[in-house]
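Just below is one structure, and these are the notes that go with it.
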Amino acid sequence: MKTEWFTDVSAFEILKTEWDELLQRSAIDTLFITHEWQTTWWRNLGNGELRIVTFREDEGTLIGIAPLFAEKGGDGLIYLSLVGCVDVSDYLDVLVAKDSEERVYAALLDVLIRSDFPAWNSLGLCTLPEVSPTNTILKSMAEQRGLKVMHNLHDVSPMIELPDTWEAYLARLDKKDRHEVRRKLRRVEEAHGRWYVIDSADALDQATADFVELHKKSRPDKNLFMDTRMQKFFAETAQAMFAQGWLQLLFLEVDGERAAALWNFIYHNDVLVYNSGYDPVKYGALSPGNVLFTHSIQDAIATKRRRYDFLRGNEEYKYRLGAKDTKVFELRISK
């Protein structure tokens, strides 16, 4: 096997044509490891030095990418992390072709202990989906080599396995939650509310700006989160994801004014619920955010989506809408 590492941003361009093709052959194929997401994240939010490691068969076929970067901590130690880690990327992993995991993980550990590999002290692989082989195979291999290993629950990602019909979905909810869903839908309908998806590239910039404003209005912590750098990240992400057909930006409008917004991704027939916002002062009494979630779930069922994934976080509203937890892990390997 041939291994190579890159410490320059040009690696993204060099690997562009092969990156997503490899991802489609991997056990874990998620939007947050796509070339489009990774490059947008690094350009806007990345710090430190890239250390992207590639793994190829002897004839040149790419079978693995470890998209890493290094940062020096306040303790003087050098920490390796996955590109995208951690706050805005819900699922991350090493890209590995199916059935090549043991070989690629072994080669990754070999590279990390080479004398000519740039110095590091700790490798943190955050937001690993529970079904990722990294949680088991890489963990076991690192332990066998005498490295220090920590494997912890990082978070939960509640999701809904979508049924065939809206009525079947409602039947899953308990009586109180089912009543609340119907009541809130009816109140917004009586207020002449309507929901829609942005389907025009020409409307995307204004829609993104409106989403940002509704997001900031929602809660004080969201206002702090959406600083200038994050606004630029969202604007560039909107363009990149829309171009791929992965962005689903929804609005609920009341009396001609946007009252709530929902920022979803559609990837491999799953709905990924990335972020949301609403105006609590003008429209809080109508629960516009909850109503827009409900319309979004209705639409997902009608269009035969597979899962409605609320992504990381155990907020109560996700469970009231019928979501069940899946787990997300962190694997840390230290010398």
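The values are calculated or read from the model by the stated rules, or taken from the named source; none is laboratory data. Note that the coordinates shown come from a computational prediction; the quantities given were computed from them, not determined experimentally. A quick note on method: Cβ atoms are made from the backbone with ideal geometry, for glycine too, and the neighbour counts reach across all protein chains shown. Note: areas computed on protein heavy atoms with side chains; ligands, DNA, RNA excluded. Shrake-Rupley method; radii C 1.70, N 1.55, O 1.52, S 1.80 Å.
Here are some notes:
- Lys327 accessible area, 1.4 Å probe, all protein chains in place, Å² to nearest 10: 100
- Summary of packing: across the peptides 237-248, 159-170, the per-residue average of other C-beta atoms within 10 Å ranks them, highest first, as 237-248, 159-170.
- When the Gaussian network model of the chain links Cα atoms closer than 10 Å, the mean-square fluctuations of Pro280, Pro129, Pro288 top out at Pro280.
- Cβ-placed point charges (K, R +1; D, E -1), dipole of the chain about Cα centre in debye, nearest 20: 1060
- In percent, rounded to a whole number, the relative contact order of the chain is 22, using alpha-carbon pairs under 8 Å and six or more apart.
- Accessible surface of region 195-246 [probe 1.4 Å, protein heavy atoms]: carbon and sulfur percent: 52
- To put it simply, the accessible area of region 10-137 at a 1.4 Å probe is 47 percent carbon and sulfur.
- The residues of the chain expose on average 45 square angstrom of accessible surface per residue, using a 1.4 Å probe on protein heavy atoms.
- Look at where the Cα atoms of region 272-335 and of region 148-177 average out, and the two centres are 9 Å apart.
- Stretch gain in nm, segment Ala168-Tyr319, where the contour uses 0.36 nm per residue and the Cα spacing is subtracted: 52.7 nm
- Among the GluC sites (Glu not before Pro) within region 36-68, those in coil by DSSP and having at most 10 neighbouring Cβ atoms inside 10 Å are Glu59.
- Between 0 and 90°, nearest 10: helix 204-218 axis offset from the chain longest Cα axis: 80
- Estimated inter-spin distance, Leu224 and Arg43, nm [label 7 Å along Cα→Cβ]: 3.0
- Lys72-Glu190 FRET efficiency (beta carbon distance; Förster radius 56 Å; 0.05 resolution): 0.45
- FRET efficiency, Thr61 to His268 (Cβ-Cβ, R0 30 Å, nearest 0.05): 0.85
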